[in-house]
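Participant: Here it is: the structure, laid out below.
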Amino acid sequence: MGNTLIEDKGRINLMKSYDAYVEETPELNVRNAYFFENKLFKTISYKCHKMMLVVKVHLMRKRLSCQEAFIHNQNFLYLQSILGNRLLPFMPFSKTINFEDARPAHEQENQEITKDFLAVSRQQLAYTLEERHPIPKSSINFITMQILNAIVILHSKKLYHGNLRSSNVLLTSSDHVFLTDFASYKPYFLMEDQLGEFRNLFESSILKCNIAPEKFQSSIENQIQLMQLAELPKQLLQNLQAMDMFSMGCLLFEIYSGDSLFTREQLIQYKKGVFDPLQMIGKIESQHVRELIANLISLDPAQRPTAQEAFQMFYQKLNPRYELIYYLSCAMSWSQHFMLPDLRIGLMRKLLPQILNDFAGEKPQFKYPLPLPIQKLNINKFYQLIKGD
(Lines give C-alpha, C1' and ligand atoms only; values in the text may rest on other atoms or scores of the structure.)
Protein backbone atom coordinates (compact mmCIF):
# COMPACT_ATOMS: atom_id res chain seq x y z
CA MET A 1 0.00 0.00 0.00
CA GLY A 2 1.80 3.07 -1.21
CA ASN A 3 5.54 2.52 -1.42
CA THR A 4 5.44 -1.09 -0.19
CA LEU A 5 8.77 -2.88 -0.16
CA ILE A 6 7.78 -6.43 0.86
CA GLU A 7 7.21 -9.53 -1.20
CA ASP A 8 9.50 -12.51 -0.70
CA LYS A 9 10.90 -13.57 -4.06
CA GLY A 10 12.59 -16.69 -2.77
CA ARG A 11 16.08 -15.27 -3.26
CA ILE A 12 18.75 -16.58 -0.93
CA ASN A 13 22.16 -15.33 0.15
CA LEU A 14 21.31 -11.75 -0.79
CA MET A 15 23.89 -10.50 1.69
CA LYS A 16 26.68 -12.02 -0.38
CA SER A 17 26.42 -9.18 -2.89
CA TYR A 18 26.60 -6.62 -0.10
CA ASP A 19 29.53 -8.41 1.54
CA ALA A 20 31.33 -8.34 -1.81
CA TYR A 21 30.71 -4.57 -1.98
CA VAL A 22 32.12 -4.14 1.53
CA GLU A 23 35.28 -6.06 0.62
CA GLU A 24 35.89 -3.59 -2.22
CA THR A 25 35.19 -0.54 -0.01
CA PRO A 26 38.15 0.09 2.35
CA GLU A 27 36.28 2.53 4.63
CA LEU A 28 33.77 -0.23 5.49
CA ASN A 29 36.30 -2.93 6.31
CA VAL A 30 36.07 -2.47 10.08
CA ARG A 31 32.61 -3.65 11.13
CA ASN A 32 31.69 -2.53 14.62
CA ALA A 33 28.22 -3.97 15.34
CA TYR A 34 24.86 -5.09 14.01
CA PHE A 35 22.21 -2.72 15.32
CA PHE A 36 19.24 -4.45 13.75
CA GLU A 37 18.44 -7.21 11.30
CA ASN A 38 15.49 -9.09 9.88
CA LYS A 39 14.90 -10.72 6.52
CA LEU A 40 14.44 -7.35 4.80
CA PHE A 41 16.70 -4.82 6.55
CA LYS A 42 20.15 -4.88 8.13
CA THR A 43 21.51 -1.90 10.05
CA ILE A 44 25.27 -2.12 10.55
CA SER A 45 27.81 0.13 12.25
CA TYR A 46 31.35 0.62 10.91
CA LYS A 47 34.47 2.38 12.12
CA CYS A 48 35.39 4.70 9.28
CA HIS A 49 38.56 6.78 9.67
CA LYS A 50 37.88 9.04 12.68
CA MET A 51 34.11 8.65 12.73
CA MET A 52 31.43 5.99 13.06
CA LEU A 53 29.21 5.19 10.10
CA VAL A 54 25.76 3.57 10.02
CA VAL A 55 24.69 1.65 6.91
CA LYS A 56 21.08 0.53 6.40
CA VAL A 57 20.91 -2.33 3.89
CA HIS A 58 17.66 -3.26 2.13
CA LEU A 59 17.68 -6.81 0.77
CA MET A 60 15.67 -7.08 -2.44
CA ARG A 61 13.06 -9.68 -1.53
CA LYS A 62 10.35 -7.78 -3.34
CA ARG A 63 9.66 -7.03 -6.98
CA LEU A 64 10.85 -3.43 -7.26
CA SER A 65 10.60 -1.64 -10.59
CA CYS A 66 13.33 0.53 -12.07
CA GLN A 67 11.03 3.54 -11.69
CA GLU A 68 10.38 2.84 -8.00
CA ALA A 69 14.10 2.43 -7.30
CA PHE A 70 14.77 5.72 -9.10
CA ILE A 71 12.13 7.53 -7.00
CA HIS A 72 13.55 6.12 -3.77
CA ASN A 73 17.01 7.35 -4.77
CA GLN A 74 15.62 10.79 -5.67
CA ASN A 75 13.87 11.01 -2.29
CA PHE A 76 17.05 10.21 -0.37
CA LEU A 77 18.95 12.82 -2.39
CA TYR A 78 16.16 15.36 -1.91
CA LEU A 79 16.20 14.92 1.86
CA GLN A 80 19.96 15.35 1.86
CA SER A 81 19.72 18.55 -0.20
CA ILE A 82 17.04 20.09 2.05
CA LEU A 83 18.11 18.79 5.47
CA GLY A 84 21.83 18.09 5.05
CA ASN A 85 22.95 21.54 6.20
CA ARG A 86 25.09 20.96 9.30
CA LEU A 87 23.37 23.88 11.03
CA LEU A 88 19.99 22.09 11.00
CA PRO A 89 18.93 19.51 13.64
CA PHE A 90 18.78 16.63 11.15
CA MET A 91 20.96 13.72 10.10
CA PRO A 92 19.57 12.43 6.77
CA PHE A 93 21.25 9.58 4.91
CA SER A 94 24.22 11.21 3.20
CA LYS A 95 25.06 8.52 0.65
CA THR A 96 23.08 6.07 -1.48
CA ILE A 97 24.73 2.76 -2.37
CA ASN A 98 24.00 0.55 -5.41
CA PHE A 99 21.25 2.86 -6.74
CA GLU A 100 21.08 4.01 -10.36
CA ASP A 101 21.24 7.79 -10.68
CA ALA A 102 19.87 7.99 -14.22
CA ARG A 103 16.13 8.04 -14.84
CA PRO A 104 15.09 4.78 -16.54
CA ALA A 105 13.89 4.94 -20.13
CA HIS A 106 10.11 4.85 -20.54
CA GLU A 107 10.13 1.23 -21.74
CA GLN A 108 12.25 0.22 -18.71
CA GLU A 109 10.22 1.91 -15.98
CA ASN A 110 8.18 -1.18 -15.08
CA GLN A 111 11.03 -3.63 -15.47
CA GLU A 112 12.29 -5.30 -12.31
CA ILE A 113 15.67 -4.20 -11.05
CA THR A 114 18.21 -6.99 -10.87
CA LYS A 115 20.15 -5.83 -7.82
CA ASP A 116 20.35 -7.96 -4.68
CA PHE A 117 20.56 -5.00 -2.29
CA LEU A 118 20.20 -1.24 -1.97
CA ALA A 119 21.75 0.70 0.90
CA VAL A 120 22.10 4.15 2.45
CA SER A 121 24.56 5.49 5.01
CA ARG A 122 24.95 8.30 7.51
CA GLN A 123 27.15 9.37 10.40
CA GLN A 124 26.64 7.79 13.82
CA LEU A 125 26.51 10.09 16.86
CA ALA A 126 27.21 9.44 20.54
CA TYR A 127 23.90 7.71 21.25
CA THR A 128 20.19 7.69 20.57
CA LEU A 129 17.49 9.04 22.84
CA GLU A 130 16.43 5.44 23.48
CA GLU A 131 19.93 4.68 24.79
CA ARG A 132 19.91 7.85 26.92
CA HIS A 133 17.22 6.57 29.32
CA PRO A 134 16.79 7.35 32.10
CA ILE A 135 17.07 10.99 31.05
CA PRO A 136 18.21 13.31 33.87
CA LYS A 137 15.43 15.67 34.94
CA SER A 138 17.71 18.60 34.21
CA SER A 139 17.84 17.57 30.52
CA ILE A 140 14.26 16.49 29.82
CA ASN A 141 12.79 19.90 28.94
CA PHE A 142 15.91 20.87 27.00
CA ILE A 143 15.78 17.73 24.83
CA THR A 144 12.01 17.96 24.34
CA MET A 145 12.18 21.57 23.19
CA GLN A 146 14.83 20.66 20.61
CA ILE A 147 12.76 17.77 19.22
CA LEU A 148 9.64 19.92 18.94
CA ASN A 149 11.65 22.68 17.29
CA ALA A 150 13.11 20.16 14.81
CA ILE A 151 9.61 18.98 13.85
CA VAL A 152 8.55 22.61 13.32
CA ILE A 153 11.47 23.12 10.93
CA LEU A 154 10.86 19.79 9.16
CA HIS A 155 7.16 20.46 8.55
CA SER A 156 7.84 24.04 7.47
CA LYS A 157 9.96 22.59 4.66
CA LYS A 158 6.93 20.56 3.49
CA LEU A 159 8.43 17.27 4.64
CA TYR A 160 7.48 14.58 7.15
CA HIS A 161 9.45 12.08 9.22
CA GLY A 162 7.31 8.95 9.02
CA ASN A 163 8.84 6.99 11.92
CA LEU A 164 9.41 9.36 14.83
CA ARG A 165 10.64 7.30 17.78
CA SER A 166 13.37 7.46 20.42
CA SER A 167 15.75 5.27 18.39
CA ASN A 168 15.55 7.81 15.54
CA VAL A 169 16.51 10.77 17.72
CA LEU A 170 20.29 11.13 17.87
CA LEU A 171 22.08 12.94 20.69
CA THR A 172 25.55 14.38 20.90
CA SER A 173 27.56 14.14 24.12
CA SER A 174 26.16 17.58 25.03
CA ASP A 175 22.53 16.45 24.43
CA HIS A 176 22.19 18.30 21.14
CA VAL A 177 19.36 16.68 19.13
CA PHE A 178 19.36 15.45 15.53
CA LEU A 179 16.44 13.65 13.89
CA THR A 180 17.40 10.80 11.58
CA ASP A 181 16.15 7.80 9.56
CA PHE A 182 13.39 9.60 7.69
CA ALA A 183 10.99 6.92 6.45
CA SER A 184 10.21 8.12 2.93
CA TYR A 185 10.98 4.58 1.74
CA LYS A 186 8.25 3.02 3.88
CA PRO A 187 4.54 2.74 2.97
CA TYR A 188 2.19 5.67 3.48
CA PHE A 189 -0.41 3.19 4.85
CA LEU A 190 -0.39 -0.37 6.17
CA MET A 191 -2.95 -3.15 6.05
CA GLU A 192 -4.23 -3.69 9.59
CA ASP A 193 -4.33 -7.47 9.30
CA GLN A 194 -0.93 -7.97 7.62
CA LEU A 195 1.35 -8.50 10.60
CA GLY A 196 4.09 -9.95 8.41
CA GLU A 197 4.55 -6.73 6.44
CA PHE A 198 4.42 -4.69 9.64
CA ARG A 199 7.01 -6.95 11.29
CA ASN A 200 9.43 -6.52 8.39
CA LEU A 201 9.01 -2.76 8.14
CA PHE A 202 8.46 -1.79 11.78
CA GLU A 203 9.63 -4.79 13.80
CA SER A 204 10.88 -2.67 16.69
CA SER A 205 7.40 -1.06 16.86
CA ILE A 206 5.57 -4.24 17.90
CA LEU A 207 6.21 -3.69 21.62
CA LYS A 208 6.77 0.08 21.43
CA CYS A 209 4.44 1.48 18.79
CA ASN A 210 4.41 5.19 17.97
CA ILE A 211 2.59 4.79 14.66
CA ALA A 212 -0.58 6.82 14.15
CA PRO A 213 -3.74 4.66 14.14
CA GLU A 214 -4.96 6.01 10.78
CA LYS A 215 -1.86 4.53 9.13
CA PHE A 216 -3.52 1.12 9.60
CA GLN A 217 -6.17 0.52 6.95
CA SER A 218 -8.74 -2.29 6.76
CA SER A 219 -8.94 -2.20 2.94
CA ILE A 220 -6.90 -1.04 -0.03
CA GLU A 221 -9.19 1.89 -0.81
CA ASN A 222 -6.44 4.34 0.12
CA GLN A 223 -3.79 2.76 -2.08
CA ILE A 224 -1.30 5.43 -3.14
CA GLN A 225 1.59 4.93 -5.51
CA LEU A 226 5.11 5.93 -4.51
CA MET A 227 5.80 9.60 -5.24
CA GLN A 228 8.74 11.96 -5.08
CA LEU A 229 8.79 14.01 -1.88
CA ALA A 230 8.85 17.28 -3.79
CA GLU A 231 5.58 16.34 -5.50
CA LEU A 232 3.46 15.06 -2.59
CA PRO A 233 -0.15 16.30 -2.81
CA LYS A 234 -1.02 18.83 -0.11
CA GLN A 235 -3.66 16.63 1.54
CA LEU A 236 -1.37 13.58 1.71
CA LEU A 237 1.43 15.69 3.19
CA GLN A 238 -0.94 17.08 5.83
CA ASN A 239 -2.04 13.53 6.68
CA LEU A 240 1.56 12.35 7.03
CA GLN A 241 2.48 15.35 9.18
CA ALA A 242 -0.52 14.67 11.43
CA MET A 243 0.82 11.13 11.84
CA ASP A 244 4.14 12.67 12.94
CA MET A 245 2.32 14.62 15.64
CA PHE A 246 0.70 11.45 17.01
CA SER A 247 4.17 9.87 17.12
CA MET A 248 5.43 12.98 18.90
CA GLY A 249 2.81 12.48 21.61
CA CYS A 250 3.98 8.90 22.13
CA LEU A 251 7.60 10.06 22.20
CA LEU A 252 6.80 12.74 24.79
CA PHE A 253 5.23 10.10 27.01
CA GLU A 254 8.36 7.97 26.73
CA ILE A 255 10.64 10.92 27.51
CA TYR A 256 8.73 11.93 30.66
CA SER A 257 7.77 8.47 31.95
CA GLY A 258 10.47 6.16 30.64
CA ASP A 259 7.81 3.77 29.31
CA SER A 260 6.10 3.22 25.96
CA LEU A 261 2.49 4.34 25.61
CA PHE A 262 1.32 1.66 23.17
CA THR A 263 2.18 -1.77 21.90
CA ARG A 264 0.95 -2.53 18.38
CA GLU A 265 -1.96 -4.53 19.78
CA GLN A 266 -2.93 -1.73 22.20
CA LEU A 267 -2.77 0.80 19.38
CA ILE A 268 -5.22 -1.21 17.29
CA GLN A 269 -7.48 -1.49 20.35
CA TYR A 270 -7.18 2.27 20.88
CA LYS A 271 -8.24 2.85 17.28
CA LYS A 272 -11.33 0.70 17.92
CA GLY A 273 -12.14 2.51 21.18
CA VAL A 274 -11.31 -0.45 23.42
CA PHE A 275 -8.05 0.77 25.01
CA ASP A 276 -7.79 4.07 26.94
CA PRO A 277 -4.25 5.43 27.48
CA LEU A 278 -5.30 8.43 29.61
CA GLN A 279 -4.75 6.56 32.86
CA MET A 280 -1.14 5.91 31.87
CA ILE A 281 -0.65 9.52 30.84
CA GLY A 282 -1.93 10.58 34.26
CA LYS A 283 1.23 9.37 35.99
CA ILE A 284 3.30 12.17 34.40
CA GLU A 285 3.91 14.92 36.95
CA SER A 286 3.61 17.97 34.70
CA GLN A 287 0.01 18.90 33.93
CA HIS A 288 0.85 20.87 30.77
CA VAL A 289 2.84 17.90 29.42
CA ARG A 290 -0.08 15.56 30.18
CA GLU A 291 -2.45 17.88 28.32
CA LEU A 292 -0.10 18.21 25.36
CA ILE A 293 0.28 14.42 25.03
CA ALA A 294 -3.48 13.89 25.27
CA ASN A 295 -4.03 16.42 22.46
CA LEU A 296 -1.31 14.95 20.27
CA ILE A 297 -2.67 11.38 20.42
CA SER A 298 -6.21 12.35 19.47
CA LEU A 299 -7.81 9.73 17.23
CA ASP A 300 -9.01 12.54 14.99
CA PRO A 301 -5.95 13.86 13.08
CA ALA A 302 -7.69 17.21 12.58
CA GLN A 303 -7.83 17.70 16.37
CA ARG A 304 -4.10 17.25 16.89
CA PRO A 305 -1.95 20.37 17.29
CA THR A 306 0.34 21.23 14.41
CA ALA A 307 4.08 21.19 15.06
CA GLN A 308 4.10 24.96 15.62
CA GLU A 309 1.11 24.80 17.97
CA ALA A 310 2.66 21.94 19.95
CA PHE A 311 5.93 23.85 20.30
CA GLN A 312 4.12 26.94 21.57
CA MET A 313 1.97 24.90 23.99
CA PHE A 314 5.16 23.41 25.45
CA TYR A 315 7.39 26.45 25.33
CA GLN A 316 4.99 28.94 26.93
CA LYS A 317 5.04 26.92 30.16
CA LEU A 318 8.84 26.88 30.41
CA ASN A 319 11.22 29.28 32.07
CA PRO A 320 12.22 31.70 29.27
CA ARG A 321 15.88 30.94 29.93
CA TYR A 322 15.44 27.50 28.29
CA GLU A 323 15.64 29.28 24.95
CA LEU A 324 18.88 30.89 26.05
CA ILE A 325 20.28 27.50 27.09
CA TYR A 326 19.25 26.00 23.76
CA TYR A 327 20.97 28.66 21.68
CA LEU A 328 24.01 28.61 23.97
CA SER A 329 24.29 24.91 23.18
CA CYS A 330 24.02 25.72 19.45
CA ALA A 331 26.80 28.29 19.81
CA MET A 332 29.07 25.82 21.60
CA SER A 333 28.35 23.07 19.06
CA TRP A 334 28.60 24.63 15.63
CA SER A 335 28.25 28.41 15.39
CA GLN A 336 30.77 30.04 13.06
CA HIS A 337 30.76 33.14 15.29
CA PHE A 338 32.18 31.36 18.33
CA MET A 339 34.82 29.03 16.91
CA LEU A 340 37.73 30.51 18.88
CA PRO A 341 38.17 29.00 22.39
CA ASP A 342 38.49 32.44 24.02
CA LEU A 343 35.17 33.53 22.53
CA ARG A 344 33.45 30.35 23.71
CA ILE A 345 34.76 30.76 27.24
CA GLY A 346 33.81 34.43 27.16
CA LEU A 347 30.32 33.60 25.95
CA MET A 348 29.84 31.14 28.80
CA ARG A 349 30.95 33.76 31.29
CA LYS A 350 28.60 36.31 29.72
CA LEU A 351 25.50 34.10 29.83
CA LEU A 352 26.10 31.78 32.76
CA PRO A 353 25.36 34.37 35.47
CA GLN A 354 21.93 35.08 33.96
CA ILE A 355 21.11 31.38 33.70
CA LEU A 356 22.23 30.56 37.23
CA ASN A 357 20.44 33.59 38.65
CA ASP A 358 17.14 32.51 37.06
CA PHE A 359 17.38 28.83 37.99
CA ALA A 360 19.32 28.82 41.25
CA GLY A 361 19.22 32.39 42.56
CA GLU A 362 23.01 32.64 42.25
CA LYS A 363 25.05 35.10 40.25
CA PRO A 364 28.79 34.29 40.14
CA GLN A 365 31.39 37.02 39.84
CA PHE A 366 34.48 36.73 37.63
CA LYS A 367 37.84 38.38 38.24
CA TYR A 368 39.07 38.93 34.68
CA PRO A 369 37.45 41.06 31.92
CA LEU A 370 35.62 39.45 29.00
CA PRO A 371 37.00 39.50 25.44
CA LEU A 372 35.98 42.75 23.75
CA PRO A 373 33.59 41.13 21.18
CA ILE A 374 31.73 39.46 24.06
CA GLN A 375 31.56 42.67 26.11
CA LYS A 376 29.61 44.31 23.27
CA LEU A 377 27.26 41.33 22.84
CA ASN A 378 23.73 41.57 24.25
CA ILE A 379 21.10 38.81 24.33
CA ASN A 380 19.15 40.07 21.33
CA LYS A 381 22.33 40.31 19.25
CA PHE A 382 23.32 36.80 20.38
CA TYR A 383 19.99 35.34 19.23
CA GLN A 384 20.32 37.10 15.88
CA LEU A 385 23.80 35.66 15.33
CA ILE A 386 22.80 32.07 16.10
CA LYS A 387 19.50 32.13 14.21
CA GLY A 388 21.27 33.64 11.20
CA ASP A 389 24.00 30.95 11.06
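The values are calculated or read from the model by the stated rules, or taken from the named source; none is laboratory data. What you see is a predicted model, and the numbers here were worked out from it, not measured in a lab. Every residue, glycine as well, gets a Cβ built from its backbone with ideal geometry; the counts of neighbours run over all protein chains shown. Each accessible area value is taken on the protein alone, full model and side chains, heavy atoms only, with ligands, DNA and RNA left out. Shrake-Rupley method; radii C 1.70, N 1.55, O 1.52, S 1.80 Å.
Participant: Hey, rough spin-label estimate for Asp276 and Gln316, points 7 angstrom out along Cα→Cβ, what's it come to in nanometres?
Facilitator: The modelled label-to-label distance comes out at 2.8 nm.
Participant: Let me ask another. Mind giving me the nanometre distance, one decimal, between the label points for Ser138 and Ser81, set 7 Å out from Cα along Cα→Cβ?
Facilitator: So the two model labels end up 4.4 nm from each other.
Participant: Here is a further query. If R0 is 25 Å, what FRET efficiency do you get for Glu27 and His337 from their C-beta distance, rounded to 0.05?
Facilitator: For Glu27 and His337, the calculated efficiency is 0.15.
Participant: Another one. Can you send over the carbon and sulfur percentage of the accessible area for the stretch 237-317, probe radius 1.4 Å, protein chains only?
Facilitator: On the way: 1670 of 3690 Å².
Accessible surface attributable to carbon and sulfur in the stretch 237-317 totals 45 percent.
Participant: Using label points projected 7 Å from each Cα along Cα→Cβ, tell me how many nm separate Gln225 and Asn295, to one decimal.
Facilitator: Rounded to a tenth, the inter-label distance reads 4.0 nm.
Participant: Okay, moving on. In whole Å, what are the extents of the stretch 106-175 along the principal axes defined by its C-alpha atoms, from largest to smallest?
Facilitator: Taking max minus min along each principal axis of the Cα atoms, the stretch 106-175 gives 59, 28, 16 Å.
Participant: Could you compute how fast the stretch 135-270 diffuses translationally, taking Rh as the Kirkwood radius over C-alpha pairs and applying Stokes-Einstein at 4 °C with viscosity 1.567 mPa s? Give it in µm² per second. Walk me through the intermediate numbers first.
Facilitator: Numbers: Rh = 15.7 Å.
Approximately 82 µm²/s, per Stokes-Einstein.
Participant: Same structure, new question: With a 1.4 Å probe and all protein chains left in place, how much of the accessible area of the stretch 1-159 comes from carbon and sulfur atoms, in whole percent?
Facilitator: It is 49 percent, rounded to a whole number.
Participant: With every protein chain present, what is the per residue accessible area of the stretch 123-266 (1.4 Å probe, Å²)?
Facilitator: On the way: 5200 Å² over 144 residues.
Each residue of the stretch 123-266 exposes 36 Å² on average to a 1.4 Å probe.
Participant: Taking only the C-alpha atoms, wrap a convex hull around the stretch 1-149 and report its volume per residue in Å³ as a whole number.
Facilitator: Details: hull volume 23.8 nm³, N = 149.
Cα-based convex hull of the stretch 1-149, divided per residue, equals 160 Å³.
Participant: Based on the Cβ-Cβ distance of Arg103 and Ser174, what FRET efficiency does E = 1/(1 + (r/R0)^6) give at R0 = 51 Å, to the nearest 0.05? List each step's numbers first, then the result.
Facilitator: On the way: r = 42 Å, r/R0 = 0.83.
Efficiency, from the Cβ-Cβ distance: 0.75.
Participant: How do the peptides 123-135, 228-240, 250-262, 58-70 rank, highest first, by the average count of neighbouring beta carbon atoms within 10 Å per residue?
Facilitator: 250-262, 58-70, 123-135, 228-240
Participant: Can you tell me which of 185-194, 281-290 comes out highest on packing, and rank the rest after it, using the mean Cβ neighbours within 10 Å? Numbers along the way, then the final one.
Facilitator: Numbers: 185-194: 18.6, 281-290: 14.4.
Highest to lowest by the protection proxy: 185-194, 281-290.
Participant: While we're here: Please report the Cα spread of the stretch 225-342 along all three principal axes, rounded to whole Å, starting with the longest.
Facilitator: The Cα atoms of the stretch 225-342 stretch 59, 42, 23 Å along their principal axes.
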